[in-house]
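Below is one structure, written out as structure tokens; the observations come after it.
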Amino acid sequence: MRYKNNKNLENNKSVKFYFDSKEYFGFEGDTLASALLANNVHLIGRSFKYHRPRGIYSAGSEEPNGIVQLETNEYTEPNRRVTEVQIYDGLKAYSQNNWPSVKFDAGAVNDLLSPFFPAGFYYKTFMWPPKFWKAYEFFIRHAAGLGKSPKKDDPHKYEHFHYHCDVLIVGAGVSGLISAEIAASKNYKVLLVEQEGDLGGEILSTINKNIKIDNLPINEWKNKIIDKLSKYSNVKIVKNTTCFAYLNYNLLLAVQEIDPEKGLNKKNDIRERIWKIRSKKVILATGAIERPIIFNNNDRPGIMLSNSAKKYLNKYGVAVGKNVVFFTNNDSAYETALDFVEQGIKVEAIVDTRDNSDGYFPNKANELGVTILKGYEISDTIGRLKIREVKLKKITTENNNEKSSINIKCDLLAIAGGWTPTVHLFTQSKGKLKYRDIDGSYIPSEVYQDTLCVGSCNGDYNLNEILIKTQEDTLAYLNNNDENELDEVNYKSDNLKHGKHENIWITSKNNISRTKMFVDFQNDVTAKDIKLALKEGFQSIEHVKRYTTTGMATDQGKTSNINALGIISELTDTNISELGTTTFRLPYKPVTFGAIAGRHVKEFFDLERTSPMHQWHIDNEALFEDVGQWKRAWYYPKKNENFQSALNREVKATRDSLGILDASTLGKIDIKGRDVSEFLNRVYTNSWSKLEIGKCRYGVMLGDDGMVIDDGVTTRLDEFHYLMSTTTGNAASVMSKLEDWLQTEWPELEVYLTSVTENYGTISLNGPNSKKLMQKLIPDFDFSKENFPHMSFKDININGIMCRVMRISFTGEMCYEINVPSGYAKNLWEICIDKGKEFNITPYGTEAMHVLRAEKGFIIVGQETDGSVTPVDLDMDWIVSKKKYDFIGKRALFRSDTIKKDRKQLVGLKTKDPNKVLEEGSQLVEKITALPMKMVGHVTSSYYSPNLKSSFALALIKGGLEKKGKVLIAPMENENIEVEITSPVFIDPKNHRINQ
Amino acid sequence: MFLINCPYCGERDQAEFSCGGEAHIARPKNPPELSDDQWAEYLFLRKNEKGVHYERWNHEYGCRQWFNLARNTATDEILAIYKMGEAPPKLKANIPATPSGEPSIGSGNSSTSKKDRF
Amino acid sequence: MSLAFNNVLNLNKKNYNGVTIEELSLSGKINIRGKSSDKEFMKNIGSALNLVLPIEPNVRIFNNNISIMWLGPNEWLVITPENEKDGIISLLKSNLNPQKTAITDVSFNRTILRLEGEKVFTLLSKFLVANLEEILKTNFSVAQTIFIKIPVLFVRNNTDEESTSLDLHLNRSHTKYVYELLVDGSKNLNI
């Protein structure tokens, strides 16, 4: 409930929200946690394994228990920490992992059965017999996970943003603010990132008037420094932004929640933004997380970290309890207790494991007459849905059986087990930690990158110490230890004495075998589980972690890892420093998939490249196929046509009269220089020196392993000038590989490569009437076979624009490929369509192109080849020069493996039933036997041909070249399809049609 | 992501570069005279060293130039960058006992060898 | 009747929340290759264009109508008015040794989007990993870099700090996608 004198939020607007469909009110600025606690809602959910009632345990990103499902339908989001959700109007939150309700949960029977759910329960139980896995799986899947993942598309938008700065400061608490001011005063470009909505960190939950900086109450000091920072134009401050990864070379990732008050329940412009920050220097001021002390039944609602109770009290004006018991092993609980007393809230007792403390706050508490029970520990708690009572026990050093237990009634048990520096980012940066025995902390010791840690993440907890060290260290870090620099910032504070911390991880050590001492709340891992794991022989902390799953929930053990180490250390009588820590993996806290994807979803999922004629294809209702990044016209269905009938029409029209294809996507590389012919001799299998100017030649390119990597036609434009074409998909990689050879292997060659892929749109006119259309386009040009034969090239002026026209063919038909400067390509295409009407000109897409080339037995690299196919395998011996001493890939063609007789070789296939089209990728066998059958090859391309009036296919078959005429079988799910091995050339084997 | 100082363009993000694997493996001048094993050695066998690794990089999205880079594979530190054709510098790498300066046991790939600890 | 020319976007200069985007009309673009260590080559280029090829990285030099950008240690891009391109290409070809150089007309390879306004760098930071502001810090600088996964060339036009004007050269086929991304990104520039 809110306490009476609260002024922090009550002037704010009232906000209505729902938890488990019940209506509540909070204030603008509340987190869901503070608003629920203000409404006396403590029971938030059920635990993962035992379905135990759980409440809010902390007030920050470390929260292990208070996780809810937010919103419904497309807006829903599971596992949100109530401590981080800012409330907004109409917010709907639902408790997780319970049925039928959070107060009465049928799964809680697991709690009674808990002796039967030891560490590694699933590993042990569901292993045998193997056959039963299918049955187990159903139940395990059902029981697994906490929230429910959304079923609909996320309507929100997310984006990424790159940022470069001189100094990045993570965390805007006392030390972060001071470091930021120092960096700002030195004119660095500064980025200050804060995970909460307000700057100040711990200051925001401090009201004690005796805590001062420069004689100002700390909150006033904070306002002043923030005001100063805002006046620097070289400082950028982003709030609601959590740094979640520290990568190589000072690259840090942060996720920013944009205007959280706008709410998750409606579509906002941008919901989250990932910052990719590259900073020259990084100052980590990430603070520290309070740690629990573990005892029996330590997980009940109403048990909370002491400093979190303080934050609810001072920042949100929410008293989490009316009768408070503190349990501590250090001084920080006293500071919180004093704040409670100041608000007139009853502190029943401070239970301190220590015999004494001479610190400032314990002395104050003593003066005010607060009950302090020294040398006591909590042994157990009572209260099913919320804590009602704690049981205390006197800690005895000797083994006397002094009966000394006390019971105290309370509605809040606040635990202060010391502090754990938030070193996650520091260790991600590969910085080294060292163990400090006096307070059981792993603190930064050696930096690996250009990094500085300041404040409590550096293990400094005392305000005075924080001020001195932050200022000294920041100055030294930014001045590169140049002592002559003037120090403009010099903040001071009184040194309030702190008593010694006592390392206590767990109470009632001898009773660990009782099961309810929770170490990891979210994964329901108890001290007993850890003990069992050790007993079963797990030695490494990493193995204990995985076996028990401690620290592996969505909170990644922020409040449990160090206690797990402490327990292992005590059980094994090993110093913690020898155990090491588990790896702090990124992300620091869960990041939504939406944020990771950014804008690269739906229309921006991947790059799209479009040809110069793209708009025409759209206007003419083409369907598109993705070829690499290109959108290529796939086929152009007319009304009432399905895929096959459109395809048949396109294929037939091309063979019968005239087809037109947009081939702009093929790679085009302009090659110039003294040694061009020698260069081509080295990268292609065939010979180029004697190619006449104006002539074209087909080439196959191999890797040095002898395997085909690309093919295409290259044209000699001049003595020292060629134009190479590559396949669409390999344009970039071929260019890059050729450049590699030139720069690194053959610097002596004078050859220059320039990509002109996009400089030309390519219109491919195919079919017996292609010459007639060309003549119509350019009436005064001599298109005779003598002047312009197959495999030759002409520069032709078409309507005022110089075009490169090649007579090459990928269909087996007479073909003219017009390369027109791409800005004019669409217009020329339209003119072709217009003038070609009398020849029934038919635009065809990539599918018809595939059929047409396959009918002719032309391969497609990447379809007939898969990186394991040589030109010899493709029956293309003729293209492999025998005369050249060397070319890329030549040596490998004579390896013992590549000259084997039974390599897979390219053949044609015809199905016995001409209407049966094989599936591409089908395996082929010689005879049907029991499984596994002996496979002899596979289908690489398969289509129905309207020209052959039959199905046909290309395939790679072991020793296939020698097996023409043999019958093979493609065993399919429901039938066995018989096929005959044929030549891969199905149409015009003598090339009459091309050579007209 | 590394920051790589292209010898031609200056310091840029790794995203602009592509790596071409181990450097200083010259293509043999006489392939037809090599045995299968010798050819395989050139084609397939690479060092995969922990420590100094000399590798080829290409500033693909910048000046398109290839250059050499020496990297400590144990720490991902870039030790030297030099142009194609230049001889590799002699370098020593700092090799931490575990990949990332983590404690010598209890983390990463380390601790199971110490038997009978508990 | 001569063939009609099509821009990629058919787009007039338009303001998107403080960033104006405009597809520039066709200009002549000539790719020059040759060795900067080849004195004859450098001299011949210089006399043909009345400009010395820059050997410093990431810079542009220009006179009244020609602009030359450094693309690499042996590669440059010349931007000319469209109607002067053919003349300049013939001039270059007649001055240079075809065995040791390459002059290639790449006018249609790429389109140029002109981006102007104070939020240009903010907008581009959504897509660029490079520290573009730093690379283009000085007048007459250029930067080749990666935009999402696309190779691009940025050219700085402005000669003062007050206004930002950049030319973004990108592959013709990528233009539509990039333009749509830019417009989408411009919806939220208060970062």
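Does A:L385 qualify as being at pLDDT below 95, in contact with a strand residue (DSSP E or B) (Cβ under 6 Å, 6 or more places away or on another chain) and not basic (K, R)?
Judged against the criteria, A:L385 is a match.
May I ask you to list the residues in region A:738-752 that are within 14 Å of chain C (Cβ to nearest Cβ), closer than 21 Å to B:C19 by Cβ and either of a type in the set (S, T, N, Q) or touching a residue at least 24 places away in the same chain (Cβ under 8 Å) (or both)?
If the condition is that a residue be within 14 Å of chain C (Cβ to nearest Cβ), closer than 21 Å to B:C19 by Cβ and either of a type in the set (S, T, N, Q) or touching a residue at least 24 places away in the same chain (Cβ under 8 Å) (or both), then A:L738, A:L742, A:Q743 are the ones that fit.
With the condition kept exactly as written, say whether any residue in region A:558-565 is under 24 Å from the mean Cα position of the chain (by Cα) and either assigned to a helix (DSSP H, G or I) or at negative phi (or both).
Yes: one or more hits.
For A:A848, state whether it is closer than 27 Å to A:I778 by Cα and either modelled with pLDDT of 95 or more or of a type in the set (F, W, Y) (or both). Before you say what the answer is, go through the steps one by one.
Details: closer than 27 Å to A:I778 by Cα: no; either modelled with pLDDT of 95 or more or of a type in the set (F, W, Y) (or both): yes.
Judged against the criteria, A:A848 is not a match.
Looking at A:I438, A:I415, A:I443 in this structure, which one is more than 24 Å from B:T75 (Cβ to Cβ) and either in a strand (DSSP E or B) or modelled with pLDDT of 95 or more (or both)? Don't jump to the end; show me each part of the working.
Numbers: A:I438 fails: either in a strand (DSSP E or B) or modelled with pLDDT of 95 or more (or both); A:I443 fails: more than 24 Å from B:T75 (Cβ to Cβ).
Going through A:I438, A:I415, A:I443 in turn, the sole match is A:I415.
Looking only at region B:14-34, filter to residues that are in contact with a helix residue (DSSP H, G or I) (Cβ under 9 Å, 6 or more places away or on another chain) and over 16 Å from B:I81 (Cα atoms); which one of those is nearest to the other protein chains (Cβ to nearest Cβ)?
Result: B:P31.
For a quick check of your reading of the model, give me the residue pairs whose first member lies in region A:493-507 and is of a type in the set (A, V, I, L, M, F, W, C), whose second is assigned to a loop (DSSP other than H, G, I, E, B), with beta-carbon atoms closer than 6 Å and at least 6 apart or on different chains.
Short answer, once both residue conditions are applied: A:I504/A:I293; A:I504/A:N329; A:I504/A:T353.
All but one of (1) closer than 22 Å to A:Y88 by Cβ; (2) among the β-branched types (V, I, T); (3) more than 22 Å from the chain's Cα centre (by Cα) hold for A:I207; state the number of the condition that does not hold.
Only one criterion is unmet by A:I207, namely (1).
If a residue must be of a type in the set (K, R) and assigned to a loop (DSSP other than H, G, I, E, B), how many such residues does region A:384-393 contain?
Residues meeting the conditions: 3.
How many of the residues in region A:418-428 are under 19 Å from A:N503 (Cβ atoms) and not in a loop (DSSP other than H, G, I, E, B)?
The qualifying residues number 3.
Checking A:L586 against (1) over 21 Å from the mean Cα position of the chain (by Cα); (2) within 14 Å of chain B (Cβ to nearest Cβ); (3) not in a helix (DSSP H, G or I), only one condition comes out false. Which one?
(1)
Quickly run through region A:565-603 and pick out the residues that are of a type in the set (A, V, I, L, M) and within 16 Å of A:S441 (Cβ to Cβ).
Selection gives A:L565, A:I576, A:L579.
All but one of (1) in contact (Cβ under 8 Å) with a residue 60 or more places away in the chain; (2) surrounded by 16 or more Cβ atoms within 10 Å (Cβ to Cβ) hold for A:S942; which doesn't?
(1)
If you go through region A:582-612 one residue at a time, how many are over 26 Å from A:S560 (Cα atoms), touching a Ser or Thr at 6+ places or on another chain (Cβ under 8 Å) and in contact (Cβ under 8 Å) with a residue 24 or more places away in the chain?
Count: 3.
Scan region A:149-201 for residues that are among the basic types (K, R) and either within 13 Å of chain C (Cβ to nearest Cβ) or under 22 Å from the mean Cα position of the chain (by Cα) (or both) and jot them down.
A:K151, A:K152, A:K157, A:K189, listed by residue number.
Which ones in region A:666-695 are in a loop (DSSP other than H, G, I, E, B), within 14 Å of another protein chain (Cβ to nearest Cβ) and in contact with a Gly (Cβ under 8 Å, 6 or more places away or on another chain)?
A:L666, A:T685
Can you confirm whether A:K280 is closer than 30 Å to B:T75 by Cβ, assigned by TED's automatic domain parsing to the domain that holds A:G455 and surrounded by fewer than 20 Cβ atoms within 10 Å (Cβ to Cβ)?
For A:K280, the condition - closer than 30 Å to B:T75 by Cβ, assigned by TED's automatic domain parsing to the domain that holds A:G455 and surrounded by fewer than 20 Cβ atoms within 10 Å (Cβ to Cβ) - is met.
Which members of region A:239-267 meet the condition of being surrounded by fewer than 20 Cβ atoms within 10 Å (Cβ to Cβ) and in contact with a Pro (Cβ under 9 Å, 6 or more places away or on another chain)?
A:K266, A:K267
Within region A:721-737, can you find the residues that are in contact with a strand residue (DSSP E or B) (Cβ under 6 Å, 6 or more places away or on another chain) and within 14 Å of chain C (Cβ to nearest Cβ)?
If the condition is that a residue be in contact with a strand residue (DSSP E or B) (Cβ under 6 Å, 6 or more places away or on another chain) and within 14 Å of chain C (Cβ to nearest Cβ), then A:H721, A:Y722, A:L723, A:M724, A:T728, A:A731, A:M735 are the ones that fit.
Looking only at helices (runs of 4 or more DSSP H) that lie completely in region A:289-383, which have at least 2 residues being within 30 Å of A:D524 (Cβ to Cβ)?
Ranges flagged: A:306-316, A:332-342.
How about region C:154-191: which of its residues are small (G, A, S) and modelled with pLDDT under 95? Before you say what the answer is, go through the steps one by one.
Going through region C:154-191, the residues small (G, A, S) turn out to be C:163, C:165, C:173, C:185-186.
Residue satisfying the conditions is C:S163 alone.
Looking at region A:207-280, what strands (runs of 3 or more DSSP E) fall wholly within it and have at least 3 residues that are within 14 Å of chain B (Cβ to nearest Cβ) and in contact with a Leu (Cβ under 8 Å, 6 or more places away or on another chain)? If you could, list the steps in order and put the result at the bottom.
Values: elements: A:235-238, A:241-247, A:251-257.
Counting at least 3 such residues, we get A:241-247.
Consider region A:926-959. How many of its residues are of a type in the set (G, A, S) and either touching a Pro at 6+ places or on another chain (Cβ under 8 Å) or at pLDDT below 95 (or both)?
Of region A:926-959, the ones of a type in the set (G, A, S) are A:930, A:937, A:941-942, A:945, A:950-951, A:953, A:955, A:959.
Okay, now just the ones that are also either touching a Pro at 6+ places or on another chain (Cβ under 8 Å) or at pLDDT below 95 (or both), so A:930, A:950-951.
So the answer is 3.
In region A:564-576, what count of residues is obtained for those that are crowded, with 21+ Cβ neighbours inside 10 Å and in contact with an Asp or Glu (Cβ under 9 Å, 6 or more places away or on another chain)? Working first, answer last.
Of region A:564-576, the ones crowded, with 21+ Cβ neighbours inside 10 Å are A:564-568, A:576.
Filter once more, keeping what is in contact with an Asp or Glu (Cβ under 9 Å, 6 or more places away or on another chain): A:564, A:576.
Adding up the residues that qualify gives 2.
Of the residues that sit in region A:596-635 and are surrounded by 21 or more Cβ atoms within 10 Å (Cβ to Cβ) and assigned to a helix (DSSP H, G or I), which one is farthest from the other protein chains (Cβ to nearest Cβ)?
A:H617
More than 8 Å from every other protein chain (Cβ to nearest Cβ) and in a helix (DSSP H, G or I): does that describe C:I79? Full working, then the answer.
Details: more than 8 Å from every other protein chain (Cβ to nearest Cβ): yes; in a helix (DSSP H, G or I): no.
Judged against the criteria, C:I79 is not a match.
Out of all the residues in region A:161-176, which are surrounded by 24 or more Cβ atoms within 10 Å (Cβ to Cβ) and farther than 18 Å from A:V489 by Cβ?
Quick first cut of region A:161-176, residues surrounded by 24 or more Cβ atoms within 10 Å (Cβ to Cβ) only: A:167-176.
Correct list: A:L168, A:V170.
Within region A:520-545, which residues are closer than 16 Å to A:I293 by Cα and not in a loop (DSSP other than H, G, I, E, B)?
Those that are closer than 16 Å to A:I293 by Cα and not in a loop (DSSP other than H, G, I, E, B): A:D520, A:V525, A:T526, A:A527, A:K528, A:I530.
Quick check on my filter: what residues within region A:895-915 are out of contact with any Pro (no Cβ under 7 Å at 6 or more places or on another chain) and either exposed (fewer than 15 other Cβ atoms within 10 Å of the Cβ) or aliphatic (A, V, I, L, M) (or both)?
A:S896, A:D897, A:I899, A:K900, A:K901, A:D902, A:L909, A:K912, A:D913, A:P914, A:N915
Of all the residues that make up region B:75-118, how many are within 7 Å of chain A (Cβ to nearest Cβ), at pLDDT 50 or above and under 19 Å from A:H543 (Cα atoms)?
Residues in region B:75-118 being within 7 Å of chain A (Cβ to nearest Cβ), at pLDDT 50 or above and under 19 Å from A:H543 (Cα atoms): 0 in total.
The values are calculated or read from the model by the stated rules, or taken from the named source; none is laboratory data. Bear in mind that the values here come from a model prediction, so they are computed numbers and not experimental data. Neighbour counts run over all protein chains shown; Cβ positions are idealised from the backbone, glycine included.
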